[in-house]
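Please treat every number below as a calculation from the coordinates, not as lab data. Please read these numbers as outputs of a predicted model, since none were measured by experiment. Because the Cβ atoms are built from the backbone with ideal geometry, glycine has one as well, and the counts that use them run over all protein chains shown.
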Amino acid sequence: MGTVGLLIDRLIARVALWFARIGGVMILLIAVIVCGDIAARNLLNTVIFNSFEYSIYLFAAAVAFGFSHALVTRANIRIDVVYFLFPQSVRRAVDFIALVCLAAVGALFSFKAWDLAIENAMRGVTSNSALAVPLALPQTFWALGMTAFALTAILLLLRHGFLALSGRGPAADALAGIAREGESELAEHARPAVDTEVGR
């Protein structure tokens, strides 16, 4: 089970990383088409890409695609005003509750995103603009990112619960706990040791 768990952790991290990279490419594409429109407007007095509308769709999808990686790398914002005042066992329980809430929100967002995309596809809804973009197309990419986020949160929740219940508290903390200020760099150097601990 330890080897399987380690493989699952690495698979989650790799898939989340590739989703984030795709989101980064979308952000880069936004920059390209915006610059293209700026140049065309100044040189040719026209707009080529209609970057404003496309950038809205690309940005929404890019943000959703980055959620999973943010969760895996613990880059999501959590309020730690009183977190470190509690004993480790309480903090571990709070981490589990946070993952439960995150998984529930992710699942809800994913369900609603697919519901909206499918409904708009069936109705043939298009954007209220000259481009008349079928809204189901960008909403599908948005829903895909939300689904990846929800699945990542659920898998991390299960892994955290398993590690905590099997007596591997430090591994569970490394998976979902809040790092103290200055610990993030140390965590990167210690990651091989953490992977070994999680894979036991």
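Projected over all directions and averaged, the alpha-carbon convex hull of the chain occupies 14.1 nm².
For the chain, adding -39500 (n - 2.57) for each run of n ≥ 4 DSSP H residues and dividing by the number of residues yields -27500 deg cm²/dmol at 222 nm. To the nearest 0.05, what FRET efficiency results for S166 and R21 with a Förster distance of 30 Å applied to their C-beta separation? Given R0 = 30 Å and the Cβ-Cβ separation, E is 0.35.
Under 8 Å for C-alpha pairs, at least 6 residues apart: give me the relative contact order for region 2-199, rounded to a whole percent.
Details: 209 pairs, mean separation 51.8, N = 198.
Rounded, it is 26 percent for region 2-199.
Amide H contacts of T126: L135, each under 5 Å away and 5 or more positions distant or on a separate chain (H built 1.01 Å from N in the peptide plane; Pro and chain starts excluded). Helices in the chain that qualify as membrane-span-like (whole DSSP H runs, Cα extent of at least 18 Å along the helix axis, mean Kyte-Doolittle hydropathy of 0.0 or higher) are 2-43, 51-72, 88-123, 136-165. For the peptides 108-119, 133-144, residues were scored by their other Cβ atoms within 10 Å and the scores averaged per peptide; the highest-first order is 133-144, 108-119.
Take the Cβ-Cβ distance between I79 and L108 as r, set R0 to 22 Å, and report the resulting FRET efficiency rounded to the nearest 0.05.
Numbers: r = 21 Å, r/R0 = 0.96.
FRET efficiency, I79 to L108: 0.55.
Given +1 at the Cβ of Lys and Arg, -1 at the Cβ of Asp and Glu and no other charges, the dipole of region 2-199 around its Cα centre is 200 debye to the nearest 20.
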